Amino acid sequence: MKKRILAILMMVTMVSVLAGCGKKAADDANSDSKEADEKSTKIEGTLNVVATSENYQPLFDRFTEEVGPEVEFISMSSGEVLSKLKAEGGTPAADVWFGGGIDAFMDAKENGLLEQVNFDAAADLTPEYKDSENYYFSKGVTVVGFIVNNEILEEKGLEAPKSWDDLTKPEYEGEILMSNPAISGTNYAVVNALLQLKGDAGWQYFEDLNKNITYYSKRGSDPSTKVAAGEVAIGITYIDGTLAELEESADVSVIYPEEGMPFVPEGVAAFANSENEEAAKAFIEWFYSDDENLKQLAEIDQKNTVLLVKPEIEGLELDFKQDELLTEDLSLFGSQREEILEKWATLMGDKGEE
Amino acid sequence: MKSKQNNKRAQVRSARFFDILDKLIISGLVILVLAFIFYPILCVILRGVNVEGSFSLKVYQEVFTKNQKLLWNSAYVAIITALLSTVLAVGIATVVVFSGRLKGFLMGVLLVSMVSPPFITSLSYIQLFGRRGSITHGLLGLSLDPYGPIGVIIMQTIFFASLNALLLIGMMEKVDQNLLQAAADLGSDNNDTYFQVVLPLTLPGVIVCFLLSFVRSLADYGTPVVIGGRYENLSTEIYMQLIGYANLEKSAALNTLLLVPAIVVFILYRLLMSKGNRLLQGGTPLKEEEMQHYRPRGLVYGLLLLPTVIFYGMMLLQYGSIFVNSFSKQQKGVRTFSLEPFLQMWSRRKDTFFRSLVYALVVALVGTLIGMLISYYIERRKLKGGKFFDFLVTAPYMIPGSCFGIGYILAFNSEPIKLTGTAAIVILNMIFKQLSITTKVTSAAFTQIPEELDMASADLGAKRLQTLKDILLPNLRSSFAVGFVNNFTSAMVTAGAVIFLVNAGQKIAVFTLFDAINSGKYAEASMISTVLILVTVLINVIFLRLLKGKGGESHVSGIKGY
């Protein structure tokens, strides 16, 4: 008897599984924007945010105070966010995406995972740093440079590298750490930007660089932390407030390469079909409509790159000259991603080579 | 007279109640396993054939033909790791089992070493033995490069040795004392007895350890991601496809590829385990004090002792360094004592520990109960399709946690069972990921309880569930202990699926650990680990004491020492 029950149950489940498993195509976003009169009234509910860092708490607290919704947030890498979104099949568990390389946002928009957010202040934002159809915006940029461990350089009798070209010098063999560009948005920016800079010679450059790289780490923070720990002499890394902390704790220096710094905008967007859509849109509008918010962000991020997104915020000044940044056509970041990463993976032989 | 009749009627009623309950439980278990194991895994597998909305075998074709190198990398590291880890575990188990009075202490360390938070142990290994390692560089003046397959093999060997040793200790303790005495009476010395009686009797267990470690090594991505360097294998590729490329189809196909060796191993496991338990059935185990008389001697013991000492040394170093890191601060390369990591942790994360604790307790109690019931129906009631069922239960243990997590999101993201975004999805995932250890341990225990007991009970008029409740359960206390400890521990410290399933507002401690490591805050990560380790060990010890206090001696897999 039980045997039969078991058999029947198994069959029933299998049939229903075969019927149900496939049909979860992402619903297309029905974006009838109804953000007319949410200004004055307070909004109820909770806003779920995916952020790159936990430090944004004070900013979110202000939002709760001024607009209403409680903010819960969690930190995830861009790749994790994308995988999760795709698996969720159009029913995202979060409402707002705050920070992360812009290429992931481009990918998400392409896949219909983002929600259009139209608001007045969007017109004040630099067009290059936002989506033309208002599916995503940015809150500043991540710039990339080097971090070096002075102790190790001294021990090996090496000069600190000054430029991207220096990195390919034979004396740095086995002394450079870089993150896998598929994992790290900043190192993807390096690859894309230098390819744009060097044109046809670009791939040759990365093949030469490859000889000096010990391995491509699978976490974005590895280059800086491992240089600080003395595991390698040179790291290719994002430059932000955490590096200042590392400079305190170990004998390391940050270097801005001569040719210029690659950079990648950090995205902000609302997820399509999210549960608290109203609150998500309200957050984005609120965030860009008051310079105080952007100033607070600059303070938390310990950098003022939000000025690139919205020029002329009173009391803020860029910490570097804008021409220290490499010239990048950001529109290529998303469209070329797949192709570049594939070629990169084949050329750099990370498919299991020793 | 009347009261007797009443009594009888009550008995009939209660018998009928147990019959209905029996059927309910069977259906419940089948539904649970199909819904929370079979269905999510199937969703993952099917995702690989669903290319842009239409059916295609393209991804599978590509993955199965283009990844020989990765498959080979996975395989050779898994084989070497499994071999070394098993040999190490034999050494540890032998030393512990025959150690006499030291046994309690040695078991304690082993129990602590089961609690191994992800990533942080690999990081402490780099800190100790890396290019600037405090031992290799600081003490010996060497500058070694720990990154690569060798680093992975060493780390996995050590990680897996703890569980292997616990399993082997459980088996060695059950060797029939009569056999040992007989061997001694026939003039065999201790080493002969060890090689000709003890080892052959535990051999199936040894092979099981080998196979388990093999599968765990295949599925483990945390270790190679941290210290693999340029070494890549199937599980790191799955990680890359998920985290780097957000390519669900390809990672699904890679997962299916990984299931192939898992199935082979599972079949071998079933064959060997049933043999092993038959060998040990019905023996009278020796008392701890007597055990010492049969300890191997001389060179043999030396060879077993050496790796054991190294293992215990590594454990002390590893946990010591995590502890030291969590109370220190580095300034211009100089380490000083500091409470900063603790204060940071306390102010920002204490609620995550509380949440972890609640989740883990639920997982431990519910998961262990479900696991034990499943093994009862498979082993004792010999349900048809039981072997397939057992395979389903084992499967989640054999695939990377991140994929099992993605499977849950794929399966439960819409009505009728929409679970994404809830605490339930996290807890269910934890329960079903670890179910197989409980069922394995319980199954082993069942083979030790003579089936004649069931029959006698049935002859006396008891329904089967009554037999389970009154006769079998009291004999399964120690399986319950192992299941609880394993479930609780892994719920506290396993990261795998949690990364994908946990949502804002329900962060648990191991998530914040992952987070701290990813942003390079090692001191804080160490602090979180230290607290996790302390809390987990504390709860386990309290639980084992409570269980012991309820009478009866616990006696499976060495939890006895506690």
Flagged pairs (Cβ under 7 angstrom, 6 or more apart or on separate chains; first in the stretch A:54-80, hydroxyl-bearing (Ser, Thr, Tyr); second part of a helix (DSSP H, G or I)) are A:Tyr56/A:Ile300; A:Ser75/A:Glu54; A:Ser75/B:Asp515; A:Ser77/B:Ile243; A:Ser78/A:Ala104; A:Ser78/A:Gly185
Being buried (at least 18 other Cβ atoms within 10 Å of the Cβ), at pLDDT 90 or above and either under 21 Å from B:Ile508 (Cα atoms) or facing another protein chain (nearest Cβ under 7 Å) (or both) is the filter here; which residues of the stretch A:57-80 pass it? A:Phe60, A:Val71
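What about B:Ser14, is it assigned to a helix (DSSP H, G or I), small (Gly, Ala, Ser) and modelled with pLDDT under 90?
yes
Does the stretch A:253-269 include one or more residues that are at negative phi, within 13 Å of chain B (Cβ to nearest Cβ) and over 23 Å from the mean Cα position of the chain (by Cα)?
Yes, the stretch A:253-269 contains a residue that is at negative phi, within 13 Å of chain B (Cβ to nearest Cβ) and over 23 Å from the mean Cα position of the chain (by Cα).
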Subset of the stretch B:96-141 that is in a helix (DSSP H, G or I) and charged (D, E, K, R) - its residue that is modelled with the lowest pLDDT: B:Arg101
Every residue in the stretch A:130-165 that is part of a loop (DSSP other than H, G, I, E, B) and either under 24 Å from A:Ile176 (Cα atoms) or among the basic types (Lys, Arg) (or both), please. A:Lys130, A:Gly157, A:Leu158, A:Glu159, A:Ala160, A:Pro161, A:Lys162, A:Ser163, A:Trp164
How many of the residues making up the stretch B:62-95 are assigned to a helix (DSSP H, G or I) and over 24 Å from B:Met171 (Cβ atoms)? 15
Pairs with Cβ under 8 Å, 6+ apart, first in the stretch B:451-468 and in contact (Cβ under 8 Å) with a residue 60 or more places away in the chain, second outside any helix (DSSP H, G or I) and not acidic (Asp, Glu): B:Arg464/B:Arg381
Could you check, for the stretch B:494-507, whether at least one of its residues is among the aliphatic types (A, V, I, L, M), modelled with pLDDT under 80, over 20 Å from B:Ser356 (Cβ atoms) and touching a helix residue (DSSP H, G or I) at 6+ places or on another chain (Cβ under 9 Å)? no
Out of B:Gly229, B:Gly222, report the one residue that is within 12 Å of another protein chain (Cβ to nearest Cβ) and on the phi > 0 side of the Ramachandran plot. B:Gly229
From the list B:Gly405, B:Gly371, B:Gly386, B:Gly401, which one is in contact (Cβ under 8 Å) with a residue 40 or more places away in the chain, crowded, with 16+ Cβ neighbours inside 10 Å, over 21 Å from B:Val535 (Cα atoms) and within 13 Å of chain A (Cβ to nearest Cβ)? B:Gly405
Top-ranked residue of the stretch A:41-50 - restricted to ones that are modelled with pLDDT under 90 and at negative phi, ranked as farthest from the other protein chains (Cβ to nearest Cβ): A:Thr41
Matching residues, the stretch A:117-140, being within 16 Å of A:Gly334 (Cβ to Cβ), of a type outside the set (S, T, N, Q) and in contact with a helix residue (DSSP H, G or I) (Cβ under 6 Å, 6 or more places away or on another chain): A:Tyr129, A:Tyr135, A:Tyr136
Count of the stretch B:496-532 residues which are within 21 Å of A:Ser78 (Cα to Cα) and either within 12 Å of another protein chain (Cβ to nearest Cβ) or free of Cβ contacts under 8 Å to residues at least 40 places away in the same chain (or both): 22
Of the residues that sit in the stretch B:220-262 and are in contact with a Gly (Cβ under 6 Å, 6 or more places away or on another chain) and among the small types (Gly, Ala, Ser), which one is nearest to B:Leu123 (Cα to Cα)? B:Gly229
Yes/no for B:Gln156 being surrounded by fewer than 18 Cβ atoms within 10 Å (Cβ to Cβ) and of a type in the set (S, T, N, Q): no
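Please find, among B:Val33, B:Val63, B:Val44, the residue that is more than 10 Å from every other protein chain (Cβ to nearest Cβ) and either in contact with a Lys or Arg (Cβ under 9 Å, 6 or more places away or on another chain) or surrounded by 18 or more Cβ atoms within 10 Å (Cβ to Cβ) (or both).
Numbers: B:Val33 fails: more than 10 Å from every other protein chain (Cβ to nearest Cβ); B:Val44 fails: more than 10 Å from every other protein chain (Cβ to nearest Cβ).
Just a single option satisfies the conditions, and that option is B:Val63.
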Assuming B:Gln68 fulfils every condition listed in (1) free of Cβ contacts under 8 Å to residues at least 12 places away in the same chain; (2) more than 10 Å from chain A (Cβ to nearest Cβ) apart from one, which condition is it? (2)
Given the conditions (1) surrounded by fewer than 15 Cβ atoms within 10 Å (Cβ to Cβ); (2) in a loop (DSSP other than H, G, I, E, B); (3) within 14 Å of chain B (Cβ to nearest Cβ), which single one is not true for A:Glu338? (2)
Tally the residues that are touching a Leu at 6+ places or on another chain (Cβ under 9 Å) and of a type in the set (S, T, N, Q), restricting the search to the stretch B:71-84. 2
When the residues of the stretch B:142-152 are filtered to those that are surrounded by fewer than 22 Cβ atoms within 10 Å (Cβ to Cβ) and in a helix (DSSP H, G or I), which remaining residue is nearest to the other protein chains (Cβ to nearest Cβ)? B:Pro149
Here is a check on your reading of the model: is A:Phe287 within 13 Å of chain B (Cβ to nearest Cβ), buried (at least 18 other Cβ atoms within 10 Å of the Cβ) and modelled with pLDDT of 90 or more? no
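The values are calculated or read from the model by the stated rules, or taken from the named source; none is laboratory data. Given the structure is predicted, the values throughout are model-derived calculations rather than measurements. Please note: Cβ atoms are built from the backbone with ideal geometry, for glycine as well, and neighbour counts cover all protein chains shown.
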